[in-house]
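Down below is the structure, laid out as structure tokens.
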Amino acid sequence: MSRKHRPALSRPTPAGTPVSPETHARQVLDAGLYREAIELYKNLLKQERRSEWLDGLAASYAGRAKELASKGMLQEALVVWRNRSTLCGKSLAEGPYLDWLLRTGAHDAALRLLTPTGDAAATVDADLETRLAAVALTAPDSATAQLAADSPLRRHRATAQAAIAACCRGDLADLDEQLRGIPFRSPYRDLRFILKALLLVGNDPAQAAGLIARVTVDGPFERLAAVVRAGVLPDRRWLLALLDLDEEGRHLLLEIKGCPENRRSLLLEVAELARAGVPPTPTRVVDLLLRRSRGLPATAARLCRRLLPYAEKRLAEYQNAFGPLGEAESERILALAAQRRGATNHSESHWLRAVRLFSTEEAPLQAALILRYLFDLIVGDQDASDYDDECTTWLERSLELDPDDRATHLKLIRLHRQGQNLKAARASVETALARFANDPAVLLEAVETALAGNAFKKAVTLAKRLLDLDPINSKVRALIGRAHLSHARKQIRLHRPEAAGKELDLADEWLATAHERSVSKLLRGLSAADASATVLLREAVGELGGKLLAAWHVLLESIRVGSQPAGELRRAAPDLSGMPVPREVLTVMHAINALGENESKALRTVLDTLRAPLKRAAAGDFSESERISICETLLSREERVLLQAYADAGLRRWPERPLFVYLAIFAKHGKGAFFAMSERERQALEGALKKALEDGDQRTVLRIRDLMGPTGYFSGEDSDDSDDDDGFGDFVDDLPANPRDVFNLLISMGGHNEVIRMAREVLPDSKFRPLERAAGGNRKKLAEMLIELLVESLANLDLSSLIAPPSGGLPKPRPPAPKQPVQDDRQKGLFDD
């Protein structure tokens, strides 16, 4: 015996007090040192055969056997367990012994456990019979012959086997007959529910679920029951349960689900992806489909094709697996891939090639759809002045390919009208009316277009035609009234008061609001200069509030009809002495927003007159949102004097709002704030920028960044046109002459995106796009590569002569020289300022 396992009669405790051998043996057992505990208890039993020591030895053997089984040493565990039974008088059948026998395939040995030992063991034998029911079904007849003749395991075996055979044949009637022969207390009782559920799981999973719920978990047929439990799970949960089954169980469940043999390995991999708990990347799904492509249906190829934009490098592998793609389809995939990377220019090129190819492949609807999608992608909801004619051409071309798309007709009409291209808008209206003659939406756009072109009679005719189709359309009725008002203004401007009166009479029939009828009365007052007209004019002023709002309408309408606004204001006599109330100011701002760009000059005249009362109103009690709305309106109209008054008041009231800091400094200095602002104002802007970043206010962040950089300096604008030579000259004198330093300064003020934007304007596609591809979507890397290219291109230029002449100040304007062909001189133009 080794020294390690030699028993000791006593051992001192840490405090020096000796412990008894029994206590020591218990401590060793509790510590999990089973081999040493076995020797200690054996030594104790040599002295005296006590029951507690015998139980301790049994527990030591049990612990050692389980320890061996956990390491996969089942045969050794069985030997130790048999020693436990022999030396300690314990039953072999208790504990995990039967499970270990079954795991090692020792079915005969397991069945030999079922030996009658008297009435006291009847309950134990019944439990063992139930646990061995699955073994008895598959064991040879010679193995079950050793069982007692009246054993339920033996008597019901043939009936259970016949029931299984009926289930395999799918014979529900025979199955029911056989299952009736299995008593409720039979070891095979679980088969009554499992086999019937197996036949129902495909067609009636709800009933199958009810049957399998009556089966005890971990019963003798648990492996079969687990298949049914997985099969009745809803949605994709059965895929996850599939992985928990053994190989035979997976095979059976996939048979039940009708999965073909050649797709089962794919389904198991899909189940593994689902078990991860997070959606797999598109590339991983594509790789899986390509790897298992043989035998897959056409739907798998379509799924893979839809995911190719996320895995464009697999394009060749896809064609090898599923067959060639059309050239147009390949361009579509490459366009989506470039779009996903943020390479808008590449995406646009691929889309346009796809349009050309789809057009030649006699697929006009696909080509039209791409053109509409490309317009939305590039333009989105921007203002009509923010994109070039090519984008509008895409919509026009889409209508040639798909002339029945009403929504595109309507969009094109609006775009032309908003862009002040009324000739094109009228042409688009005629095209749309030719195809949708009685469509209310098209007729409404026709009315709007006629009004925009001052074709008032035509607008009324079209509006009445629309009302015949939609009699309760309040918007159309208002448009007819406004059309008559506009025509009346024209007649007043032509000094035709009688014709103007008729138009105003017609307008009053259609105008629905008191405000619009007051405007109509105001126009009657402006149509003449006699006493009765003056009375009408002042009545209208009273109806409009008699103060700021009334003065606004008097001034604006007098300009529209060609009168002298100052004289008409004196004749109307509104009260502008006090401070306007917030409601009036907000109404005027709403009216300003409703004015078109073609009335900018009229607006300037009106504001020149009303600037004093509007400025006084800046001290009024506006809410934060109301004041921001007023400031945004004034900012959009470049009304900096009033903007400063309202922004300063807002900044005093809400000093923590970054937007008011920006508005106040912009109002004071305008777009040239970078050159004119004080250090204190710069620090205020920096603090506002930090606060806006913390608040997630990206719009204000971009505005502040634009204001803090010398906007326009590198955009090709001619600095010689500036009125403030001194302020700009100081900045130019301080610019570095080294090109790389100039670009670094640009990055510090506008970020990498500013360098990319500038380079995109001056570099040809042949130079810009290869660098964009090489950068792989990394904006910082692209900016650095562009700087290297531009610095190399400018290496031979004398920047000091371009930026700061020796005499100081700004360079003198050079006389215009005749145009000569120059090979790609756009880089040099970067530094013309």
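Counted by Cβ distance under 12 Å from residue 184, the other residues give a net charge of +4, where Lys and Arg count +1 and Asp and Glu count -1.
Once the Cα atoms of helix 548-560 and of the chain are each reduced to a long axis, what angle between those two axes, in degrees from 0 to 90 to the nearest 10, is obtained? Between the helix axis and the principal axis of the chain, the angle is about 60 degrees. Available extension along the chain between residue 590 and residue 284 is 104.8 nm, counting 0.36 nm per residue and deducting the alpha carbon span. Our summary of shape: the Cα atoms of segment 349-454 have principal axis extents of 43, 30, 19 Å, ordered from largest down, in whole angstrom. Annotation note: GluC sites (Glu not before Pro) in segment 547-648 located in DSSP loop regions with a Cβ neighbour count of at most 11 within 10 Å are 638. Computed about the Cα centre, the dipole magnitude for the chain is approximately 2340 debye when only Lys and Arg (+1) and Asp and Glu (-1) carry charge, each at its Cβ. Dividing the C-alpha radius of gyration of segment 216-263 by 2.2 N^0.38 Å, with N its residue count, gives 1.10. The share of Cα pairs per 5 Å bin across segment 521-678, counted from zero up to the longest distance, runs 1, 9, 18, 19, 18, 13, 9, 6, 4, 2, 1, 0 percent.
Can you work out D for segment 462-531 in µm² s⁻¹ from Stokes-Einstein, where Rh is the Kirkwood radius over C-alpha pairs, the temperature is 4 °C and the viscosity is 1.567 mPa s? Estimated diffusion coefficient is 105 µm²/s. Between the listed residues 224, 136, 443, the Cα displaced farthest toward the positive end of the dipole of the chain, a dipole computed from Cβ unit charges relative to the Cα centre, is found at 136.
Per residue of the chain, the DSSP helices (runs of n ≥ 4 H) give a summed -39500 (n - 2.57) that works out to -20500 deg cm²/dmol at 222 nm. For residue 460, the shell of other residues with beta-carbons less than 15 Å away shows a net charge of +4, using +1 for Lys and Arg and -1 for Asp and Glu. Each Lys and Arg adds +1 at its Cβ and each Asp and Glu adds -1 at its Cβ; summed about the Cα centre, segment 623-665 shows a dipole of about 100 debye. Sorted largest first, the principal axis extents computed over the alpha-carbon atoms of segment 20-68 equal 29, 17, 14 Å. Computed over segment 465-602, the convex hull of the alpha-carbon atoms projects to a mean area of 8.9 nm².
Compared with the dominant principal axis of the Cα atoms in the chain, helix 282-291 is inclined by about 50°. Normalised by 2.2 N^0.38 Å, where N is the number of residues, the C-alpha radius of gyration of segment 599-717 stands at 1.09.
Remark: relative contact order (segment 326-402) = 26 percent; criterion is Cα-Cα distance under 8 angstrom and separation of 6 or more residues. Rg over Rh for segment 280-324 works out to 0.90, using Cα positions for both radii and the Kirkwood form for Rh.
Across segment 280-324, the mean sequence separation of Cα contacts (distance under 8 Å, 6 or more residues apart), normalised by length, yields a relative contact order of 49 percent. Equivalent-ellipsoid semi-axes for the chain (Cα gyration tensor, √(5λ), whole Å, largest first): 87, 40, 33.
May I ask which of 46/90; 411/457; 457/521; 423/490; 42/90; 475/547 have a Cα-Cα span longer than 26 Å here? Flagged as over cut-off: 475/547.
Ordered from longest to shortest, the equivalent ellipsoid semi-axes for segment 326-402 are 20, 17, 8 Å, each the square root of 5 times a Cα gyration tensor eigenvalue. Were the residues from residue 148 through residue 533 laid out at 0.36 nm apart, the gain over their Cα-Cα distance would be 126.2 nm.
Taking Cβ atoms as reference points and 14 Å as the exclusive limit, the residues near residue 287 contribute a net charge of +1, counting Lys and Arg as +1 and Asp and Glu as -1. Here the 3J(HN,Hα) profile of segment 438-445, calculated from phi with Karplus coefficients 6.51, -1.76 and 1.60 at θ = phi - 60°, is 10, 7, x, 5, 5, 4, 5, 5 Hz, Gly and Pro shown as x.
Note on segment 21-141: Cα-only Rg and Dmax are 16.2, 52 Å. Put simply, the Cα atoms of segment 157-276 extend 44, 26, 24 Å along their principal axes, the longest span coming first.
Given a Förster radius of 22 Å and the C-beta distance between residue 601 and residue 623 as r, what FRET efficiency does 1/(1 + (r/R0)^6) yield to the nearest 0.05? Walk me through the numbers before you get to the answer.
Working: r = 32 Å, r/R0 = 1.46.
Calculated value: 0.10.
Relative to the dominant Cα principal axis of the chain, helix 514-526 is inclined by about 20°. One quarter of the convex hull surface built on the alpha carbon atoms of segment 515-559 amounts to 2.6 nm², the projected area averaged over directions.
Bear in mind that the values in this text are calculations on the coordinates, not laboratory data. Model, not experiment: these values are computed from the prediction. Note: ideal-geometry Cβ built from the backbone for every residue, glycine included; neighbour counts use all protein chains shown.
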